[in-house]
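The values are calculated or read from the model by the stated rules, or taken from the named source; none is laboratory data. For clarity, every value in this text was computed on a predicted model and none was experimentally measured. With ideal geometry, Cβ positions are generated from the backbone for all residues, glycine too; neighbour counts draw on all protein chains shown.
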Amino acid sequence: MYINFYIQSHFFLFMVIRTMGNLLNRNKEQIKVKKGDLFRSIKGKMRPLDLLLFKGDDFVSGLISKLERRGNAKSHAGDFTHAGIVVNSDILDEPLLEPGKLYILESTISGKLGSGVPDIHGRSFLGIQIRDLEVLISAYDHPNSTSIAWCPLVNNPIEGNLPLIKQNFSKVYHEINGIMWDANCWSLLSALYPWMRPCRGCIESSVRTKNWLFCSEMVATVYKYIGIYPDYVDPKDVVPADFIYPQEDTDRMPVIIREITYVTSDIHYSVTESKIDCVTRLLDNPSSKLVYGSCASSSNALA
């Protein structure tokens, strides 16, 4: 109990310091154009259970990015440091979800100590929760150096038996909703470094954090429960990079996404820049299906 309080209190203090630093830096920024498709132009294509990825502009995100590269400076694994799942009322009977609106299920810190966006109950919370996706993207995208991506699934199960998927998703949601975000450093690092994993269970049990879930662990838990991930995947070993660059991981993660589409809000959007970025990426990677799919999606959104 005392160890849990120690972990949470120190993490809370760290988040306060981080948030104050971010606010001071953002007040000095001049708005810059970001690559990506305009959210309001592509949100109609987003499906429940699709993957959402983020990279923040704070120290925590920067540290995660470096760790994900595992010492390889040329690796793309550090491109994203946070993950969530697209949710709407089609797959979850939650009274606060408005029909036709998109939300995100994630394990994060919300409210004033996060990006300023509370959960659907209007609370600030550190753990698994649902937030309004459009409001979150607008807030998260505001700094110049943040990134957001939408990744549609290769085989989205809602295209099959929707009632069964809704039943299974609702069940796993009610099991994990409200669980604390995992602030156990050993758990977080063991997801990246296999040599740390033999001691993970013992350490988690001793400090009583075994049921806590960090962001990508939560996503992988849901994906495994509803059949997107196979049985051999251990959600505790999954980091955000594993969803989009499984070839750089040692755990044989399967390919589950179809393409990577960067997303931005009105404040950073430029039609011209988006077209130029797609041409540049296609010239650099002419055989990349992910790049081609992303640029095709961008062209359709601009049409």
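What to note about this one:
- Region 62-75 - residue that is touching a helix residue (DSSP H, G or I) at 6+ places or on another chain (Cβ under 8 Å) and not in a loop (DSSP other than H, G, I, E, B) and, of those, surrounded by the fewest Cβ atoms within 10 Å (Cβ to Cβ): LYS66
- The set of residues in region 161-205 being of a type in the set (S, T, N, Q), in contact (Cβ under 8 Å) with a residue 12 or more places away in the chain and either touching a strand residue (DSSP E or B) at 6+ places or on another chain (Cβ under 7 Å) or surrounded by fewer than 20 Cβ atoms within 10 Å (Cβ to Cβ) (or both) consists of ASN168, SER170, ASN177.
- Matching residues, region 140-168, being touching a helix residue (DSSP H, G or I) at 6+ places or on another chain (Cβ under 7 Å), assigned to a helix (DSSP H, G or I) and among the hydrophobic types (A, V, I, L, M, F, W, C): ILE158, ILE165
- Scan region 226-257 for residues that are over 18 Å from the mean Cα position of the chain (by Cα) and hydroxyl-bearing (Ser, Thr, Tyr) and the total you get is 2.
- Only a single criterion out of (1) within 20 Å of MET253 (Cα to Cα); (2) in contact with a strand residue (DSSP E or B) (Cβ under 7 Å, 6 or more places away or on another chain) is not satisfied by TYR140, namely (1).
- Among the residues listed as TYR262, TYR232, the single one being modelled with pLDDT of 90 or more, on the phi < 0 side of the Ramachandran plot, of a type in the set (Phe, Trp, Tyr) and in a loop (DSSP other than H, G, I, E, B): TYR232
- Picking from residues in region 78-92 that are more than 14 Å from ALA149 (Cα to Cα) and either among the small types (Gly, Ala, Ser) or touching a helix residue (DSSP H, G or I) at 6+ places or on another chain (Cβ under 6 Å) (or both), the one that is surrounded by the most Cβ atoms within 10 Å (Cβ to Cβ) is ILE91.
- Of all residues in region 188-217, those satisfying the criterion of being closer than 20 Å to LEU63 by Cα and of a type in the set (A, V, I, L, M) are LEU188, LEU189, ALA191, LEU192, MET196, LEU213.
- Residue count for region 101-116 satisfying the condition of being over 21 Å from ALA220 (Cα atoms), out of contact with any Pro (no Cβ under 7 Å at 6 or more places or on another chain) and either in a helix (DSSP H, G or I) or modelled with pLDDT under 95 (or both): 5.
- The set of residues in region 37-61 that are in a strand (DSSP E or B) and either more than 12 Å from the chain's Cα centre (by Cα) or closer than 14 Å to ILE137 by Cβ (or both) comprises ASP37, LEU38, LEU52, LEU53, PHE54, LYS55.
- Search result, residues across region 76-90 that are more than 20 Å from GLN167 (Cα to Cα) and in a loop (DSSP other than H, G, I, E, B): HIS76, PHE80, THR81
- In the set (1) in contact (Cβ under 8 Å) with a residue 40 or more places away in the chain; (2) buried (at least 18 other Cβ atoms within 10 Å of the Cβ), LYS112 fails one condition alone, (2).
- Output for region 36-49, where each listed residue is surrounded by fewer than 20 Cβ atoms within 10 Å (Cβ to Cβ) and either β-branched (Val, Ile, Thr) or touching a residue at least 60 places away in the same chain (Cβ under 8 Å) (or both): LEU38, ARG40, SER41, ILE42, LYS43, LYS45, MET46, ARG47
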